[in-house]
Each structure stands twice: as structure tokens, then as C-alpha cells.
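Engineer: Got a structure for you, questions after.
The values are calculated or read from the model by the stated rules, or taken from the named source; none is laboratory data. On a predicted model such as this, the values are computed, not experimentally measured, just so you know. So basically every Cβ, Gly included, is an ideal-geometry build from the backbone, and we count neighbours across all protein chains shown. Note: areas computed on protein heavy atoms with side chains; ligands, DNA, RNA excluded. Shrake-Rupley method; radii C 1.70, N 1.55, O 1.52, S 1.80 Å.
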Amino acid sequence: MNDRRIKRIAEKATEGGRLRMTVTQLWYLSRTSSGTSPARPARGIRPGVRWLVAAPLAVLLLVAGNFVPGVPGAVTVTAAVAVVVTASLMRFRPATRASSYITPSESQFRQMMAEPWAAAYGKPLPRVVDDGPHAPHPRTPPPARPRVVILCTDHAAAVFLRRNAIPARLDALLVEARPGTAHEALADAPEGLPVVTLHDADALGALLAPLLRQAHPDRVVVDAGLPVTAVRTRRGAVHRVSSAATPSAADLRSLAGLSEADAAWLAQGYWSPLAAVPPRRLKAAVTAAVRRALATRPGGPRSTDGFLTWPAEAPSPGGGPSRTKGAAAG
């Protein structure tokens with residue numbers, strides 16, 4: 001991590017200053033490493049159980065050795081010692097949940113940008129806005145006559161869209177909500193408007209569009225969320241692990257139409273953040289999704305089912321781009 005590298009990444013991500021980006025987006029693009037560790041079952045015998053068996057057995061062998069003369073007694077005592085030594089050398093490894101890491105952590109990166117950077121330069125990095133929980137966010141008036149609703153479940157992505165006036169340019173009403181409250185969030189949106197959903201590649205995000213279509217059959221719902229298929233096996237993609245309960249793989253296959261591999265991956269708690277997508281690709285994907293939603297008639301063919309195909313370029317962990325065929329994510 002150094003200031004020149006971060007400047008280069010921010011310069012490229014903001015297209016030379018034409019876009020604004022959030023600190024969260026910059027953190028993902030500037031990370032030096034990230035990865036996951038799979039869940040592991042318990043191995044070995046717990047110490048309590050081990051000594052509950054070994055201690056009485058050793059005592060029994062020692063007592064028996066004292067009553068048996070000669071070589072058999074010596075062998076019995078040796079066996080008691082062997083039991084104690086073996087129990088002492090045995091190791092127990094408890095079961096572990098799947099976990100993930102990102103270096104530096106989000107808190108470390110935010111502290112670095114707030115303190116050392118400010119001390120060195122006297123001002124924040126140009127075109128990078130704070131999207132933290134206590135950061136002020138200016139309110140932008142909704143369009144007088146919105147033509148589409150953008151439902152975003154990622155806070156950093158929502159801040160990015162607002163700060164770049166993307167909803168206003170698309171005559172879109174931006175609604176920010178968590179996946180669990182998406183239905184309630186749409187209650188105040190004008191009826192009949194098409195909805196474009198933006199979400200992480202996670203279990204709740206995969207279910208968002210299908211459930212909205214069931215709850216609002218009068219609306220066109222375009223799923224522009226981060227595709228699970230694009231990030232699950234992609235080298236360099238940000239993979240994280242959630243500790244929250246997730247729907248079963250069977251529900252994800254039947255309700256969201258996911259493949260068996262994608263559904264199993266999400267059911268284990270793995271997910272990938274929408275905020276890790278480079279800003280220009282996020283902007284392009286949202287624009288394309290809005291156009292698709294406006295071109296789809298209510299009650300017409302379900303050409304919008306499934307995930308929107310994203311642009312093919314994807315970044316490496318150091319922020320440099322790599323390429324893959326089909327949809328991709330950062």
C-alpha cells in the first residue's frame with residue numbers, strides 16, 4: 001500500500017476524474033490480497049473425552065502391574081506409561097466455519113485514508129467520497145416523472161449512483177433498501193414502473209428479483225445484480241463469507257433458477273460484493289439494465305429473467321484488469 005499506487009487506481013477508476021467513487025469501492029480495488037478458508041470438520045478426540053478414557057486405563061494397568069511379578073508386570077506398567085504418553089501427544093482440532101479475509105481490512109484502509117493521507121496532503125483524494133455510516137450524504141431530489149425504479153441493496157453502490165447523478169440522467173427513482181425490506185421499500189414507488197434490482201452476488205440477492213416478480217406481477221423486474229456465475233470461480237474476484245443464515249441450495253435452485261454449483265456456493269455463505277465492481281462497469285451495467293427494463297412490456301415475454309450480462313473486463317486483486325469470456329465481476 002502506497003500513495004502513488006492508490007492515486008493510479010483512483011485515477012483509472014474515476015476515468016481521469018470524470019466519475020466519483022466511494023471509499024469502499026477504492027478499498028476493494030486497492031486491496032493487496034483477499035481469499036477464503038473453507039469450513040473444516042473437527043479432527044481428533046476432545047481432551048476431556050481422551051483423559052476420561054486414558055486416566056482410568058493407565059491407573060488400572062499400573063495397579064495390575066504391581067500384582068503381576070516379573071516380565072508381565074513390567075510390560076503392564078510400560079503399557080500404562082504408553083497410554084499416558086499417547087494421550088498427551090494426541091491433538092484435537094475443533095471444527096471451524098468458512099472464513100474470509102481482505103488485506104488491508106476495511107477499518108485499516110479507512111483509517112489510513114482519514115489520518116495519514118489527510119496529514120500528508122491536507123485534503124481527501126479527489127473524486128473519492130466517504131460512504132461510511134457517519135458520512136453526510138446530500139439528498140438529491142427525485143425526478144419529477146420517473147420512468148423506472150432502481151432498487152439497490154448495496155450502500156456503496158447507491159452512494160456512487162447518487163454522487164454521479166446517474167439516476168437523474170436515466171429518469172430513474174433510486175430506492176436503497178436491504179434485501180429483506182425490498183418489498184416495503186417499493187411501497188412508495190409509483191405503481192407500474194419497471195424495477196431494476198442491484199445487489200451483491202449473495203443468496204438474498206439471487207432471490208430478490210424472483211420474489212419481487214411474484215409480489216408485483218404488474219411490474220417488469222430486471223435483475224442487474226452481480227452474477228454468481230461470474231464471480232464464483234473467477235480468479236481475482238472478491239469472495240467473502242457471511243455468518244448469517246442462508247437459504248438452502250434447493251430453494252436457491254428452485255426459486256432463483258441457479259445452477260447446482262452456484263446454489264451450493266451461496267448456501268455455504270459465500271458471496272461477492274457489488275461494490276468491488278469497477279465504477280465504469282457498474283455505470284455501464286446499470287445504464288444497460290434501465291434501457292432493457294424500459295424496452296420490456298408488462299406481461300410480455302420474460303426476456304429479462306436471470307442476470308444481466310455484464311461487460312467482460314474484470315480487475316485483478318492489485319487493481320489491474322484481466323479479461324474473461326462472458327460475464328465478469330471485480
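Engineer: Pop out the ³J(HN,Hα) list for region 247-252 in order, Karplus 6.51 cos²θ - 1.76 cosθ + 1.60 with θ = phi - 60°, rounded to Hz; leave Gly and Pro as x.
Structural biologist: Computed from phi, the couplings for region 247-252 are x, 6, 4, 5, 5, 5 Hz.
Engineer: Here's another thing I want to ask about it. With an 8 Å Cα cut-off and a minimum separation of 6 or more residues, compute the relative contact order for region 19-102 in percent.
Structural biologist: Relative contact order of region 19-102: 49 percent.
Engineer: Size of region 221-265 along its principal axes in angstrom, Cα-based, largest extent first?
Structural biologist: 29, 27, 18
Engineer: Another question, then. Projected area of region 41-96, taken from the Cα convex hull and averaged over every viewing direction, in nm²?
Structural biologist: That works out to 3.7 nm².
Engineer: Right, something else. So what's the back-of-envelope 222 nm ellipticity for the chain, counting only DSSP H runs of four-plus at -39500 (n - 2.57) apiece and dividing by all residues, rounded to 500?
Structural biologist: The helix-only estimate for the chain comes to -13000 deg cm²/dmol at 222 nm.
Engineer: Now for a different question. Carbon and sulfur atoms: what percent of the 1.4 Å accessible area of the chain do they account for?
Structural biologist: The computed percentage sits at 57.
Engineer: Which whole-Hz ³J(HN,Hα) couplings does region 256-264 yield from phi under the Karplus relation 6.51 cos²θ - 1.76 cosθ + 1.60, θ = phi - 60°, glycine and proline marked x?
Structural biologist: Calculated HN-Hα couplings, in order: 9, x, 7, 5, 4, 5, 5, 5, 5 Hz.
Engineer: Any idea which of T233, S259, T197 is furthest toward the positive side of the dipole for region 175-268, if Lys and Arg beta-carbons carry +1 and Asp and Glu beta-carbons -1?
Structural biologist: Farthest towards the positive pole: T233.
Engineer: Let me ask something else about it. Please report, to two decimal places, log10 I(q)/I(0) for region 48-144 at q = 0.10 Å⁻¹ as given by the Debye formula with identical point scatterers on the Cα atoms and no solvent.
Structural biologist: One equal scatterer on each Cα of region 48-144 leads to -0.58.
Engineer: Continuing with this model, one more query. Pick from A168, A250, A187 the residue whose mean-square fluctuation is largest in a GNM of the chain, springs joining Cα atoms under 10 Å.
Structural biologist: A187
Engineer: Let me ask you something else. With θ taken as phi - 60° and the coefficients 6.51, -1.76 and 1.60, list the Karplus ³J(HN,Hα) couplings across region 2-14 in order, rounded to whole Hz; mark glycine and proline as x.
Structural biologist: Going residue by residue, I get 8, 5, 5, 5, 5, 4, 5, 5, 5, 4, 6, 5, 8 Hz, with x marking Gly and Pro.
Engineer: Can you tell which of L173, L61, L26 shows the greatest fluctuation in a Gaussian network model of the chain with Cα springs below 10 Å?
Structural biologist: With Cα springs under 10 Å in the chain, the top fluctuation among L173, L61, L26 is at L61.
Engineer: A further question on this structure: What residues qualify as long-range amide H neighbours of V149, i.e. H under 5 Å apart, gap of 5 or more or another chain, H built at 1.01 Å from N?
Structural biologist: The list, which skips near neighbours in sequence, is L173, V195, V196.
Engineer: What percentages make up the Cα-Cα pair-distance distribution of the chain when the bins are 10 Å wide from 0?
Structural biologist: Taking all Cα pairs of the chain, the binned fractions are 5, 22, 26, 18, 9, 6, 6, 5, 2, 0, 0 percent.
Engineer: Could I ask something else about it? Roughly how many Å² is the accessible area per residue of the chain, as a whole number, for a 1.4 Å probe?
Structural biologist: 52 Å²
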